[in-house]
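J.: Here it is, the structure, as structure tokens.
The values are calculated or read from the model by the stated rules, or taken from the named source; none is laboratory data. Note that the structure is predicted; figures quoted are calculated from it, not measured. Please note: Cβ atoms are built from the backbone with ideal geometry, for glycine as well, and neighbour counts cover all protein chains shown. Accessible surface is based on the protein model in full, side chains and every heavy atom, while ligands, DNA and RNA are left aside. Shrake-Rupley method; radii C 1.70, N 1.55, O 1.52, S 1.80 Å.
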Amino acid sequence: MAVTEIGVGEFVRRLKQLLEGEALLSFFLGAGCSRSSGIPTAGPLTERWVKQLHRIAAPDEPFDQWASSSLSNFDPSDPGSSYSEVMPLLFRTEADRQEEIERLISHHDPGFGYATLAQLLADDSCGRQCNVVFTTNFDDLVADALYLYTRVRPLVVSHASLTPFAAAGRKRPTIVKLHGDAMLRPLNSEAELERLNSDLVDTLRRLLRDRALVFLGYGGHDRGVTRALAQLPPGTITRGVYWVGDRLPDTDLGVWLAEQQATFWVRHLDFDELMVVVKSEFALPSPNIDRFNMLLERYQETLSGLQGEVARDLTTAPVVQRSMDSTVDSMPGWFGVALKAERLSAKDPQTAEDVFREGISEYPESENLLKSFAVFLTDVRGDHDQAEEFYLRAITANPDHANNLGSYAIFLTDVRGD
């Protein structure tokens, strides 16, 4: 059966047509999706490892001669195909390999592409039809993007023992890590990748039944994955297979793709660029900054409240009080100013006011600091006229700040009788 080549625009429109027709699909993500988040793909990573291995094993031997005699199938034009052979030669123990994987994926956050995919997976109208993700990646960028940008917590099947929980039809997105998790013995060597765990193969069979399958950012070099797909009963994937990449794999996976009932090749490489088209075609919303402000405000509210509790509780241990003072003194920005002033407000109101005014001169447009000072002026100083002036300044700085509008409304009712 022939593979049909289609453009990016047609692919996304077909995707939308499938979901509008209530069809189901699953995504299969490879390392190429994480490249824009700063995690290297198999090709550059293996190339770096090979050079490092050469420097360690035989620095005096010409590289080409050493590579041809020491590595079975190393191809400089496609170094990623030797990933599973090179890694265990350079990192000899399981602990070394896991440490390297953890190092590679740490301190990376999901960017535009993953944020947009997360919004599609969690979309109210079609997310439930496309919320199954298979991946050979060790990172948590899909799960992180879902939580950060949509507040949805997915089920992450990071180990074969968790596969019974991966059920078709779940409302919550499901992420199946076929090669394990960075923290839970990730699979790297040729022997480990030769075959997928039988429970994972069963999960593939269950979660691909009567669906479309979309490959994104995947190289297609994993024999275990190919064997698992080849074991699927005929007619399992009924909605077509979509391979998104700059070239079709010249591996056994490429043969499997050609044998499917309907395979479409989308000649396109960049994951983020593809997600731009998805965002536009599906009219997905942009992330709301209120989500991140809410997280920061929760942190600030709880710390401010804790400071007050510690100050009022006469039985608080000295170490707690010292730690609270140290935390407040080290807090940067407008929030540090507000905390320091609040700490002084009961015992030394004048010094507290001086701290507020000095802070406002440094952060004159901080709606939060202006509101905090307004509350101080009313509750501690009893200066309602000045308090109203600073309430209004806070609202002018940010007319849409719900908490400040609410605080001013309470002030108008309780103090002004208006």
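J.: Is it the case, given these coordinates, that residue 69 is farther than 29 Å from residue 200 by Cα and either in a helix (DSSP H, G or I) or open to solvent by 50 Å² or more (accessible area, probe 1.4 Å) (or both)?
T.: Details: farther than 29 Å from residue 200 by Cα: yes; either in a helix (DSSP H, G or I) or open to solvent by 50 Å² or more (accessible area, probe 1.4 Å) (or both): yes.
Yes, satisfied.
J.: Report, by residue number, each residue of segment 95-114 that is among the aromatic types (Phe, Trp, Tyr) and open to solvent by less than 50 Å² (accessible area, probe 1.4 Å).
T.: Quick first cut of segment 95-114, residues among the aromatic types (Phe, Trp, Tyr) only: 112, 114.
Matches in segment 95-114: 114 only.
J.: Checking residue 74 against (1) in a loop (DSSP other than H, G, I, E, B); (2) without any contact (Cβ under 8 Å) to a residue 24 or more places away in the chain, only one condition comes out false. Which one?
T.: With (1) in a loop (DSSP other than H, G, I, E, B); (2) without any contact (Cβ under 8 Å) to a residue 24 or more places away in the chain applied to residue 74, the lone miss is (2).
J.: Here's another thing I want to ask about it. Has segment 41-59 got at least one residue that is closer than 24 Å to residue 213 by Cα, out of contact with any Phe, Trp or Tyr (no Cβ under 6 Å at 6 or more places or on another chain) and assigned to a loop (DSSP other than H, G, I, E, B)?
T.: Yes, segment 41-59 contains a residue that is closer than 24 Å to residue 213 by Cα, out of contact with any Phe, Trp or Tyr (no Cβ under 6 Å at 6 or more places or on another chain) and assigned to a loop (DSSP other than H, G, I, E, B).
J.: Being within 29 Å of residue 144 (Cα to Cα) and not hydroxyl-bearing (Ser, Thr, Tyr), is that true of even one residue in segment 307-316? If you could, list the steps in order and put the result at the bottom.
T.: Kept after step one, since they are within 29 Å of residue 144 (Cα to Cα), are these residues of segment 307-316: none.
No, the conditions are met nowhere in segment 307-316.
J.: Could I ask something else about it? Scanning for something farther than 30 Å from residue 403 by Cβ and surrounded by 17 or more Cβ atoms within 10 Å (Cβ to Cβ), does segment 279-291 turn up at least one residue?
T.: To start, the set of residues in segment 279-291 that are farther than 30 Å from residue 403 by Cβ comprises 279-283.
Checking which are surrounded by 17 or more Cβ atoms within 10 Å (Cβ to Cβ) leaves us with 279, 282.
For segment 279-291, residues farther than 30 Å from residue 403 by Cβ and surrounded by 17 or more Cβ atoms within 10 Å (Cβ to Cβ): present.
J.: Identify the residue in segment 324-360 that is outside any helix (DSSP H, G or I) and not charged (D, E, K, R) and, among all such residues, is surrounded by the fewest Cβ atoms within 10 Å (Cβ to Cβ). Working first, answer last.
T.: To start, the set of residues in segment 324-360 that are outside any helix (DSSP H, G or I) comprises 331-332, 346-348.
Those still in the list that are not charged (D, E, K, R) too: 331-332, 346.
Values: 331: 16, 332: 7, 346: 12.
Here the answer is 332.
J.: What residue, of 393, 381, is open to solvent by 50 Å² or more (accessible area, probe 1.4 Å) and not in a helix (DSSP H, G or I)? Even if it seems obvious, please write down each step before you answer.
T.: On the way: 393 fails: not in a helix (DSSP H, G or I).
Just a single option satisfies the conditions, and that option is 381.
J.: I need the full set of residues from segment 207-243 which are open to solvent by less than 10 Å² (accessible area, probe 1.4 Å) and more than 29 Å from residue 164 (Cβ to Cβ), in order please.
T.: Hit for segment 207-243 is 243, nothing else.
J.: Can you name the residue in segment 116-149 that is part of a helix (DSSP H, G or I) and out of contact with any helix residue (DSSP H, G or I) (no Cβ under 7 Å at 6 or more places or on another chain) and is also least open to solvent (accessible area, probe 1.4 Å) among such residues?
T.: Of the residues in segment 116-149, the ones part of a helix (DSSP H, G or I) are 116-121, 127-129, 141-149.
Going one step further and asking which of them are out of contact with any helix residue (DSSP H, G or I) (no Cβ under 7 Å at 6 or more places or on another chain), we end up with 128, 143-144, 147-148.
On the way: 128: 139, 143: 18, 144: 58, 147: 76, 148: 51 Å².
Restricting to residues being part of a helix (DSSP H, G or I) and out of contact with any helix residue (DSSP H, G or I) (no Cβ under 7 Å at 6 or more places or on another chain), the top hit is 143.
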